[in-house]
Amino acid sequence: DAKTTQPTSMDCAEGRAANLPCNHSTISGNEYVYWYRQIHSQGPQYIIHGLKNNETNEMASLIITEDRKSSTLILPHATLRDTAVYYCIVRPHNAGNMLTFGGGTRLMVKP
Amino acid sequence: KAGVTQTPRYLIKTRGQQVTLSCSPISGHRSVSWYQQTPGQGLQFLFEYFSETQRNKGNFPGRFSGRQFSNSRSEMNVSTLELGDSALYLCASSHGGGAREQYFGPGTRLTVT
């Protein structure tokens, strides 16, 4: 699976948009970008995934660059409950369910 | 719909002992994956089961094993426990292979003394 690079930590003011970047310059054509988050002491939670088009759901938006070498997860109106470690994962869509987690980004939402 | 359940939630064992952890997936889900989370190594994939067959295995020694039953419930076993096996063990369930969403349980916190 392609390797991902994320900033170690980020801060965001409550109510503002949180933009979390991820670099995946070695991504292959059949690999999807997935985002999960882990709130302290809980199991990871699926957020969103995409292949090449931008995606939006009730939790977040995913913006993937045209060359697919990087992406940005956007939480439009961050709340204190969004404080968590966010993981960007790249994997083929039909290759089982193995997820390779990197270090993730620790997002701190501040009042 | 009930979420993924893991039992026990907390466990303390002594070096050299063995331990069995249990995971009950969401009803209707046929795939169960296991992960180990430690402060030093982060989240690492252990293995994945689908319809009672191991489909993928991570880079862990043979002391780590698992199985899945016909009702999709899964167990993982660690034999000859070492101090380094102290970790949060998480299981995730999904409908099938290559599922878009995997649902994680709360984990079992294992402490080896």
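The values are calculated or read from the model by the stated rules, or taken from the named source; none is laboratory data. Quick caveat, the model's predicted, so the values are computed rather than measured. With ideal geometry, Cβ positions are generated from the backbone for all residues, glycine too; neighbour counts draw on all protein chains shown. Side chains included, ligands, DNA and RNA excluded: accessible areas come from the protein's heavy atoms. Shrake-Rupley method; radii C 1.70, N 1.55, O 1.52, S 1.80 Å.
Before moving on, here are some points about what is shown:
- Evaluation of B:S27 against (1) in contact with a strand residue (DSSP E or B) (Cβ under 8 Å, 6 or more places away or on another chain); (2) open to solvent by 50 Å² or more (accessible area, probe 1.4 Å); (3) outside any strand (DSSP E or B); (4) not β-branched (V, I, T) (one fails), failing number: (1)
- Among the candidates B:E75, B:E52, B:E101, the residue that is farther than 30 Å from A:N57 by Cβ, open to solvent by 70 Å² or more (accessible area, probe 1.4 Å) and of a type outside the set (S, T, Y) is uniquely B:E52.
- Strands (runs of 3 or more DSSP E) contained entirely in the range A:1-110, each with at least 1 residues that are modelled with pLDDT under 95 and open to solvent by less than 30 Å² (accessible area, probe 1.4 Å): A:31-38, A:45-50, A:84-92
- Single residue of the range B:30-43 satisfying the filter (under 18 Å from A:S41 (Cβ atoms) and in contact with a strand residue (DSSP E or B) (Cβ under 8 Å, 6 or more places away or on another chain)) that is surrounded by the fewest Cβ atoms within 10 Å (Cβ to Cβ): B:T38
- The residues of the range B:8-23 that are in contact (Cβ under 8 Å) with a residue 60 or more places away in the chain and of a type outside the set (A, V, I, L, M, F, W, C), listed by number, are B:P8, B:R9, B:Y10, B:K13, B:T14, B:R15, B:G16, B:Q17, B:Q18.
- Qualifying residue in the range B:83-95 (condition: at the interface with chain A (Cβ under 10 Å from one of its Cβ atoms) and over 18 Å from A:P44 (Cα atoms)): no
- Just one of (1) facing chain A (nearest Cβ under 8 Å); (2) without any contact (Cβ under 8 Å) to a residue 60 or more places away in the chain fails for B:F104. It is (2).
- Of everything listed in (1) charged (D, E, K, R); (2) surrounded by fewer than 18 Cβ atoms within 10 Å (Cβ to Cβ); (3) in contact (Cβ under 8 Å) with a residue 12 or more places away in the chain, the single unmet condition for B:K57 is (3).
- Against the list (1) within 11 Å of the chain's Cα centre (by Cα); (2) aromatic (F, W, Y); (3) at pLDDT below 95, the condition B:W34 fails is (3).
- Condition check for B:N56: at pLDDT below 95 and in a strand (DSSP E or B): yes
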